[in-house]
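A short worksheet on the structure shown next.
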Amino acid sequence: MTRPELSLARDFEAALAWWRDAGVDCDFVDDATAWLADAAPQEGNDAGAGRPAADAARTAPPGAPGAANVPPAPAAAASPAVLRRDLLGDSPPQSLMEFRDWWLASPALETARAFPRIAPRGACEPALMVLVPQPEESDRDTLLSGPQGRLLANILVAMGLAEDAVYIASALPSHTPMADLAMIAASGMDAVTAHHIALVKPARLVAFGTGLAPMLFGAGEQPLREINHAGGKIPVMSSETLDSLMDMPRLKARFWRRWMEWSASH
């Protein structure tokens, strides 16, 4: 039995049929196509007629013969500048007790009105300070009174830390859905966080939430590993949020490995 001779056309047809059976019926390219761009004017029945003239009119310098009266493209709108405010005012709190009262009542702090403000908890000069982005949605009187708080309690037990040796705080006074921490920090909240940490004077700090970097280190691209203040330097370890640790067990294992390595040297 002789094998039929395949032509290039039949090879091409067979290849298209194979891709069509596989469900691929569109052509894709890497370069974007400006589908909404204005089409070049056409004259007569020739689709290409008038195109060279139109292209020349578009590319000719302003004022040159044949230059098209095309208005310049509008400049890209600049991002609105963040208005930075002195949230602490002329008389910032000088003790943790004063700070808690100010945290709960200061009109300078913008909060989500649907949720109450929740005070931090703990004593001054703790072995560890824990910072989270915001209170839990179910918090009413105590910070981290829900599932995140239970996870944190288990983590602290595994660390061998008593509850009274840990200071627990949030970067925002109340639960704030879809909070833009970077913008809030740039508006002056980073100074509040720095003042808060200076009053607490912890030996170490763990920040649960990589979005807390602007609150702790400013707008730099690379977060630092320690915070400088008048009393010295505070080592900082950054991790994913507590709710992320709950949702992805592998993050718990990674956090624990990082904690063991970090705590051994701090």
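Is there a residue being of a type in the set (A, V, I, L, M) and not in a helix (DSSP H, G or I) anywhere in the range 180-196? The answer is no, given that none of the residues of the range 180-196 is of a type in the set (A, V, I, L, M) and not in a helix (DSSP H, G or I). Among the residues of the range 177-199, those that are touching a strand residue (DSSP E or B) at 6+ places or on another chain (Cβ under 7 Å) and over 13 Å from Val236 (Cβ atoms) comprise His196, Ala198.
Can you go through Pro202, Pro177 and tell me which one is in a loop (DSSP other than H, G, I, E, B), crowded, with 17+ Cβ neighbours inside 10 Å and out of contact with any Gly (no Cβ under 8 Å at 6 or more places or on another chain)? Quick ask: steps written out before the conclusion?
Numbers: Pro177 fails: crowded, with 17+ Cβ neighbours inside 10 Å.
It is Pro202.
With the condition kept exactly as written, say whether any residue in the range 241-263 is touching a strand residue (DSSP E or B) at 6+ places or on another chain (Cβ under 9 Å), closer than 20 Å to Ser106 by Cβ and open to solvent by 10 Å² or more (accessible area, probe 1.4 Å). Within the range 241-263, not a single residue is touching a strand residue (DSSP E or B) at 6+ places or on another chain (Cβ under 9 Å), closer than 20 Å to Ser106 by Cβ and open to solvent by 10 Å² or more (accessible area, probe 1.4 Å). Across the range 82-104, the number of residues qualifying as at pLDDT 95 or above and either open to solvent by less than 80 Å² (accessible area, probe 1.4 Å) or touching a strand residue (DSSP E or B) at 6+ places or on another chain (Cβ under 7 Å) (or both) comes to 11.
Please count how many residues of the range 236-257 are among the acidic types (Asp, Glu) and under 24 Å from Ala194 (Cα atoms).
Summing the residues that are among the acidic types (Asp, Glu) and under 24 Å from Ala194 (Cα atoms) in the range 236-257 gives 1.
For the range 115-140, name all the residues that are closer than 13 Å to Ser174 by Cβ, touching a residue at least 12 places away in the same chain (Cβ under 8 Å) and in a loop (DSSP other than H, G, I, E, B). Residues satisfying the conditions are Phe115, Pro116, Ile118, Ala119, Pro120, Pro133, Gln134, Pro135, Glu136, Glu137, Asp139, Arg140. Those residues that are in contact (Cβ under 8 Å) with a residue 60 or more places away in the chain, of a type in the set (A, V, I, L, M, F, W, C) and part of a loop (DSSP other than H, G, I, E, B), I need them from the range 102-113; list them, please. Once the filter is applied, which keeps residues that are in contact (Cβ under 8 Å) with a residue 60 or more places away in the chain, of a type in the set (A, V, I, L, M, F, W, C) and part of a loop (DSSP other than H, G, I, E, B), the range 102-113 yields Leu109, Ala112.
Check whether at least one residue in the range 207-215 is among the hydrophobic types (A, V, I, L, M, F, W, C), at pLDDT 95 or above and in a loop (DSSP other than H, G, I, E, B), and report yes or no. No. Evaluating Ala47 against the criteria (1) assigned to a loop (DSSP other than H, G, I, E, B); (2) open to solvent by less than 90 Å² (accessible area, probe 1.4 Å); (3) at pLDDT 50 or above leaves one unmet condition, (3).
Restricting attention to the range 217-240, which residues are of a type in the set (A, V, I, L, M) and either surrounded by 12 or more Cβ atoms within 10 Å (Cβ to Cβ) or at pLDDT 95 or above (or both)?
Residues of the range 217-240 that are of a type in the set (A, V, I, L, M), as a first pass: 219, 224, 227, 230, 234, 236-237.
The answer is Leu224, Ile227, Ile234, Val236, Met237.
For the range 124-169, a residue qualifies if it is surrounded by 20 or more Cβ atoms within 10 Å (Cβ to Cβ) and farther than 19 Å from Thr210 by Cβ, and the qualifying residues are Pro126, Asp139, Leu143, Val166, Tyr167.
The values are calculated or read from the model by the stated rules, or taken from the named source; none is laboratory data. Note that the structure is predicted; figures quoted are calculated from it, not measured. FYI the Cβ positions are ideal-geometry reconstructions off the backbone, even for glycines, and counts take in every protein chain you see. Note: accessible area is taken over every heavy atom of the protein model, side chains too, but ligands, DNA and RNA are not part of it. Shrake-Rupley method; radii C 1.70, N 1.55, O 1.52, S 1.80 Å.
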